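The values are calculated or read from the model by the stated rules, or taken from the named source; none is laboratory data. Note that the coordinates shown come from a computational prediction; the quantities given were computed from them, not determined experimentally. All Cβ positions, glycine included, derive from the backbone under ideal geometry; neighbour counts span all protein chains shown.
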Amino acid sequence: MSFVLLSTIGLSAQTVNDFEFKDIENNTRRYNELKGEKLTLIDFWATWCGPCNKAIPELNKIYGSYKNKGLEIIGINCDGPRSVSKVGPLSKSLQIQYPILIDINSELKTELNIMALPTLIIVNSRGKIVWIHEGFVSGDEEIIISEIEKYLTAN
């Protein structure tokens with residue numbers, strides 16, 4: 001089951017402020033250094049989440065197609081202390097092309113009121129969240145591409 005959550009009341013006012021987490025190489029990375037020139041797609045995911053693992057290869061393809069058009073993708077891994085050791089190996093086996101940051105205490109997930117995994121959010125160049133998508137099933141990549149193109153054109 002896939003659905004798009006668009007609450008114009010909470011969504012239109014919500015912004016993503018600068019944050020920092022360790023990446024899978026244990027380097028501290030900041031949102032402001034990683035964000036896209038025009039759009040940033042943030043993927044909240046976990047290693048144990050089946051739909052998350054189905055989404056990642058599609059996000060890799062999207063990244064390859066749109067990274068030179070002003071889009072950046074940032075993966076925010078939400079594994080806890082028990083499973084965080086799987087993030088690096090899984091990232092390598094899935095050949096994730098975009099940066100993966102580890103939110104081990106779910107700080108950003110909580111701050112942005114993310115309830116489901118995977119959740120994808122598109123953030124415009126001003127830091128405003130313009131689109132949220134919960135879950136992932138085959139075919140959702142077309143919806144994601146459509147939204148990216150819509151907001152790249154609007155930006």
> Can you find even one residue in the stretch 102-114 that is surrounded by fewer than 21 Cβ atoms within 10 Å (Cβ to Cβ), closer than 16 Å to Ile144 by Cβ and either out of contact with any Phe, Trp or Tyr (no Cβ under 6 Å at 6 or more places or on another chain) or touching a residue at least 24 places away in the same chain (Cβ under 8 Å) (or both)?
Replying inline: no
>> Cβ-Cβ under 7 Å, sequence separation 6+ or interchain: first residue in the stretch 54-75 and without any contact (Cβ under 8 Å) to a residue 40 or more places away in the chain, partner among the aromatic types (Phe, Trp, Tyr) and outside any loop (DSSP other than H, G, I, E, B). Which pairs?
In response: Ile73/Tyr63; Gly75/Trp45
> Do we find a residue being closer than 19 Å to Ser83 by Cα and free of Cβ contacts under 8 Å to residues at least 60 places away in the same chain anywhere in the stretch 116-126?
Replying inline: yes
> Restricting the search to the stretch 117-149, which residues are over 11 Å from the mean Cα position of the chain (by Cα) and of a type in the set (A, V, I, L, M)?
Replying inline: Ile129, Val130, Val137, Ile143, Ile144, Ile145, Ile148
> Of everything in the stretch 19-35 that's at pLDDT 95 or above and charged (D, E, K, R), which residue is surrounded by the fewest Cβ atoms within 10 Å (Cβ to Cβ)?
Replying inline: Glu33
> With Lys86, Lys69 as the choices, which residue is within 15 Å of Ile24 (Cβ to Cβ) and of a type in the set (D, E, K, R)?
Replying inline: Lys86
